[in-house]
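Taking it in order: structure first as structure tokens, then the write-up.
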Amino acid sequence: MMLRVIVFSMMVILIISGCSQQTSPQTIQGQVNDEVKYNVEIPKFQGFVMNFVSIEYPPVGENKRVRLGYTTEKDNLPELTKEEKELLRKGHNMNILFGNPDSRNDFYIEVSNSETQVVNSEVTTISGEKVQTLTDDKHAIFAINIEESSYKLNVVFNDEINKQDSLNIAEQLIKQVVH
């Protein structure tokens, strides 16, 4: 009898932990592809985890924008409830696929099917591609327009991430999204 209780308890723990696992990038990729009408590559970055994914709807038109947030370690903020997600969908035209919009992100990426222009940027070459860059002492922005989509990377400098790190992140992004 005691063995049955132990086995049952272990099975419940395994089921619960399996259900609460972080959403995989493949699942998110499928959800994004189902919702937007252009190609979106969801990149992976060495030393970072995906912390947030949303799709933002414009007030007019069909240019949905995908927003991806990354951090060095997963934020422990709770996932949003269905009701909270519905409020954001209606009030802010935003569909939260993963994470919490209040999560701390070291950098985020916005993907769109319209051309991105960064005001006052310089054009540099990273991994053989022309990239718009804008850097100050608080963050760095990198934008690249490819085929039918554009990627805008915004890296926030902190104790763990500096200007050189932002260049490495931009290089990883470009290598994954340019085919």
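The values are calculated or read from the model by the stated rules, or taken from the named source; none is laboratory data. Source: prediction; values computed, not measured. The protein model used for the area step is the full one, side chains on, heavy atoms only, and it has no ligands, DNA or RNA in it. Shrake-Rupley method; radii C 1.70, N 1.55, O 1.52, S 1.80 Å.
Measuring with a 1.4 Å probe in the full set of protein chains, what accessible area per residue, in whole Å², belongs to the stretch 134-173? Walk me through the numbers before you get to the answer.
Details: 2070 Å² over 40 residues.
Accessible area per residue, the stretch 134-173: 52 Å².
Quick one: accessible surface of Phe142, probe radius 1.4 Å, all protein chains present, in square angstrom to the nearest 10.
Approximately 10 Å² for this residue.
Report, in whole Å, the centroid distance computed from the Cα atoms of the stretch 90-122 and the stretch 131-179.
Computed from Cα coordinates, the inter-centre distance equals 13 Å.
For each pair in Lys44/Lys175; Lys130/Lys163; Lys82/Lys152; Lys37/Lys85; Lys130/Lys152; Lys74/Lys163, compute the distance between the two Cα atoms and list the pairs where it is over 20 Å.
Values: Lys44/Lys175 11 Å; Lys130/Lys163 18 Å; Lys82/Lys152 29 Å; Lys37/Lys85 22 Å; Lys130/Lys152 13 Å; Lys74/Lys163 22 Å.
Beyond 20 Å between Cα atoms: Lys82/Lys152; Lys37/Lys85; Lys74/Lys163.
Rounded, prolate or oblate: pick one for the stretch 111-179, where a ≥ b ≥ c are the square roots of the eigenvalues of its C-alpha gyration tensor, a/c under 1.5 means rounded, and failing that, prolate if a/b is larger than b/c, else oblate. Don't jump to the answer; show the numbers that get you there.
Numbers: a/c = 1.87, a/b = 1.49, b/c = 1.26.
Because a/c hits 1.5 or more and a/b exceeds b/c, the stretch 111-179 counts as prolate.
Pull out the extension gain between Lys74 and Tyr38, defined as 0.36 nm times the separation in residues minus the alpha carbon to alpha carbon distance; nm, one decimal. Show your work: numbers first, answer last.
On the way: separation 36, 0.36 × 36 = 12.96 nm, distance 2.81 nm.
10.1 nm is the gain from fully extending Lys74 to Tyr38.
Hey, any idea what % of the stretch 74-154's accessible area is carbon plus sulfur with a 1.4 Å probe? Provide the component values of the computation, followed by the final result.
Numbers: 2220 of 4780 Å².
Accessible surface attributable to carbon and sulfur in the stretch 74-154 totals 47 percent.
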